[in-house]
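First the structure, in the form of structure tokens, and then the observations on it.
The values are calculated or read from the model by the stated rules, or taken from the named source; none is laboratory data. Model, not experiment: these values are computed from the prediction. For neighbour counting, all protein chains shown are included, and Cβ atoms are generated from backbone atoms with ideal geometry for every residue, glycine included. What goes into the accessible areas is simple: the full protein's heavy atoms, side chains included, and nothing from ligands, DNA or RNA. Shrake-Rupley method; radii C 1.70, N 1.55, O 1.52, S 1.80 Å.
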Amino acid sequence: MPYEFEEVLETIKMTEIEHFDIRTVTMGISLRDCYDRNLEITKEKIYSKILKYAKNHVSYAEQVEAQFGISIANKRIAVTPVSIAFDGLDAGGFIEVAKVLDKAAKDVGVDYIGGFSALVQKGFTRSEAEMIKAIPHALSQTERVVSSVNVASTKAGINMDAVNMMAAAVKKTAELTKDKDSVGCAKLVVFCNVPEDNPFVAGAFHGVSEAEVSLNMGISGPGVVLDAIKNAGKVDLQQLAEVIKKTTFKITRAGELIGRKVAALHGIPFGIIDISLAPTPAEGDSIADVLKAMGVEDVGAAGTTAALAMLNDAVKKGGLMASSSVGGMSGAFIPVSEDQGMIRAAEKGHISIEKLEAMTSVCSVGLDMIAIPGDTDESTIAGIIADECAIGVINDKTTSARLIPAYGKKVGDYVDYGGLLGRAPVMKVSDLSPAKFVSRGGRIPAPMRSLTN
Amino acid sequence: MSLSESELRKITLEAIEELGENATPQLVKEVVEKAVRKLEGEEQRPEKTSSDSGRVILTSFGMNHPGIVAGITKALYEAGCDILDISQKILSDFYTMMMVVNISSSKQGLRELQETMNKVADDLKVKIYIQHEDVFRYMHRV
């Protein structure tokens, strides 16, 4: 027998019981050749280019799914940031572009299309400012378009004007989508040091240094890691790190195999594999549960940040050994609404935004899917975004904020989206005002890279 | 079919190359039609369903009762599959079996075979999983 019984059963257990799945295969498509002076022709070009490359995206993914018995939860598309590909449009034009992206996504059968994005960490072009103005309208008038804006980087510092504009955009998006619990905000993320090959929405876009078209993928598997940790029993932390590394190694290998097969069917280059542990609202698919299995009583206890740091690092190390194409975010995600364990911890008051902020300094993303009161001041939202960016800028890592100022809701209320986005209790934010600080505007200069104490 | 600008450019270049200075309306029409056919051909690539090495791993488990192996192997035989290796164990009342099967000579593709075996699994009241061999090789062999 070429494989041991235990090995085969381990794989079956992962895929059938522990929810190991490929979270997303995301096709990146460059739209840089789609600009035309006539907006109608631009739209036509965008639509036909997306359909040309992605029309078999879903069926090929399903084919590979059946072949290997590993499910692919989401099939998605990322395009060149529209603010770069269509620099020159005004807000109205960008809304039209969002609508055509939405239609193309619907017609090829993907649930989200990323790339309604801008990179403004240092400054804006005239058109980028227009695009940011268009975001709330684009998100409220489309279903599948997701948007991201990078407002800070270690090389450029923090563009506080952009932070303020994004705080306003978040607030406006919440208002325009108030009928659906401000769902537009779940599709809008503000970044620092954004990776250009991230396959996960809402931050996915096809970076300007990427090829014409490529296939990126994100794996998931908190359930697999959770069971491995539980089975490891009472071992010391070095041994526990080994367990996590070995498990991540295996799921990354399987993930890369799937990604390469899908890319081969399309006849396009395989880009990267993002080895993030991404939770879903399904029971047992939770990062909070992994942290609890590691030994903290609940998320938010002292020691949570240390446990998360170790988990995140071990995941990266296992993944890097398994594949030479690791990219994207790669780490552990801690979205509140998408993780049953996090939701429970938030309901019990075990975690606060402040603790979550500390946790984001050691894990792969940031303050993710956090509902805050609808009457939160714009300047407070800007302050939270700026804090998150500061963590990213100083530590040379990606951070982000996906905040939902739930329109008309107060602490203790819920936003409920169902499906992958889950539900979240509205959390308290500090009443103290950062208004005088953030309204100064301008840019927080790039940090020094030595004497880093 | 609607043509994008880059496709039109491609067709034009092909026409120029083929006709040079001898272009007549009839000739241009022929060349353009040929180029369009070629483009359509490129678009309609056949769906590839075969699994490269042709080896799949069939795993089955459930409560033990007579006839499970017979049922599974009969279905595999009827599908034209070649069994390369079998390993089977009984733990108290629980049975597990794992097979390496070559399906390259089978008249059924992987998907069809999975459907056939799902029916067999329902009849026998066991679970049957069929996965391409590569997933095990990638996960467990460095």
Just give me the residues in the range B:116-133 being closer than 13 Å to B:Ser60 by Cβ, outside any helix (DSSP H, G or I) and either more than 19 Å from the chain's Cα centre (by Cα) or within 8 Å of another protein chain (Cβ to nearest Cβ) (or both), in sequence order. B:Lys125, B:Val126, B:Lys127, B:Tyr129, B:Ile130, B:Gln131
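So how many residues does the range A:331-358 have that are among the small types (Gly, Ala, Ser), open to solvent by 10 Å² or more (accessible area, probe 1.4 Å) and within 20 Å of the chain's Cα centre (by Cα)?
Of all residues in the range A:331-358, those among the small types (Gly, Ala, Ser) come to A:331-332, A:337, A:341, A:345-346, A:349, A:352, A:358.
Subsequent filtering for residues that are open to solvent by 10 Å² or more (accessible area, probe 1.4 Å) retains A:346, A:349, A:352, A:358.
Okay, now just the ones that are also within 20 Å of the chain's Cα centre (by Cα), so A:358.
Result for the range A:331-358: 1.
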Can you list the helices (runs of 4 or more DSSP H) found entirely within the range A:1-89 that contain at least 2 residues being facing another protein chain (nearest Cβ under 10 Å)? A:5-16, A:39-54, A:57-68
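Is it fair to say B:Phe136 is closer than 30 Å to A:Lys250 by Cα, at the interface with another protein chain (Cβ under 8 Å from one of its Cβ atoms) and among the aromatic types (Phe, Trp, Tyr)?
Values: closer than 30 Å to A:Lys250 by Cα: yes; at the interface with another protein chain (Cβ under 8 Å from one of its Cβ atoms): yes; among the aromatic types (Phe, Trp, Tyr): yes.
For B:Phe136, the condition - closer than 30 Å to A:Lys250 by Cα, at the interface with another protein chain (Cβ under 8 Å from one of its Cβ atoms) and among the aromatic types (Phe, Trp, Tyr) - is met.
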For the range A:250-299, enumerate the residues that are part of a loop (DSSP other than H, G, I, E, B) and buried (at least 22 other Cβ atoms within 10 Å of the Cβ). A:Ile275, A:Ser276, A:Ala278, A:Pro279, A:Thr280, A:Asp285, A:Ser286, A:Val299
Hey, among A:Ala371, A:Ala314, which residue is in contact with a helix residue (DSSP H, G or I) (Cβ under 9 Å, 6 or more places away or on another chain), of a type in the set (Gly, Ala, Ser), open to solvent by less than 20 Å² (accessible area, probe 1.4 Å) and part of a strand (DSSP E or B)? A:Ala371
Just the residues that are surrounded by 24 or more Cβ atoms within 10 Å (Cβ to Cβ) and either hydrophobic (A, V, I, L, M, F, W, C) or touching a helix residue (DSSP H, G or I) at 6+ places or on another chain (Cβ under 8 Å) (or both), please, taken from the range A:173-184. A:Thr173, A:Ala174, A:Ser182, A:Gly184
Flag if A:Ser433 is over 27 Å from the mean Cα position of the chain (by Cα), at pLDDT 95 or above and not in a strand (DSSP E or B): yes
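Only residues that are open to solvent by 10 Å² or more (accessible area, probe 1.4 Å) and either in a strand (DSSP E or B) or over 14 Å from A:Ala134 (Cα atoms) (or both): list them for the range A:90-122, please.
So in the range A:90-122, the residues open to solvent by 10 Å² or more (accessible area, probe 1.4 Å) come out as A:90-92, A:95-96, A:99-100, A:102-103, A:106-109, A:111-112, A:119, A:121-122.
Within the range A:90-122, A:Val100, A:Asp102, A:Lys103, A:Lys106, A:Asp107, A:Val108, A:Gly109, A:Asp111, A:Tyr112, A:Leu119, A:Gln121, A:Lys122 meet the criteria.
One line per residue, one yes/no per condition, for (1) outside any strand (DSSP E or B); (2) crowded, with 24+ Cβ neighbours inside 10 Å; (3) touching a Leu at 6+ places or on another chain (Cβ under 8 Å):
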| position | (1), (2), (3) |
| --- | --- |
| A:Met131 | yes, yes, yes |
| A:Glu143 | yes, no, no |
| A:Asp161 | yes, no, no |
| A:Met166 | yes, yes, no |
| A:Lys171 | yes, no, no |
| A:Ala186 | yes, yes, yes |
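Here is a yes/no grid of residues against (1) part of a strand (DSSP E or B); (2) of a type in the set (Ser, Thr, Tyr); (3) more than 24 Å from A:Phe200 (Cα to Cα):
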{"residue": "A:Leu215", "(1), (2), (3)": "yes, no, no"}
{"residue": "A:Val224", "(1), (2), (3)": "no, no, no"}
{"residue": "A:Lys234", "(1), (2), (3)": "no, no, yes"}
{"residue": "A:Gln238", "(1), (2), (3)": "no, no, yes"}
{"residue": "A:Glu242", "(1), (2), (3)": "no, no, yes"}
{"residue": "A:Lys245", "(1), (2), (3)": "no, no, no"}
{"residue": "A:Thr248", "(1), (2), (3)": "no, yes, no"}
Extreme residue, modelled with the lowest pLDDT, among residues of the range A:18-51 that are open to solvent by 40 Å² or more (accessible area, probe 1.4 Å) and within 26 Å of the chain's Cα centre (by Cα): A:His19
Would the range A:431-444 turn up any residue that is open to solvent by less than 50 Å² (accessible area, probe 1.4 Å) and farther than 27 Å from A:Ala186 by Cα? yes
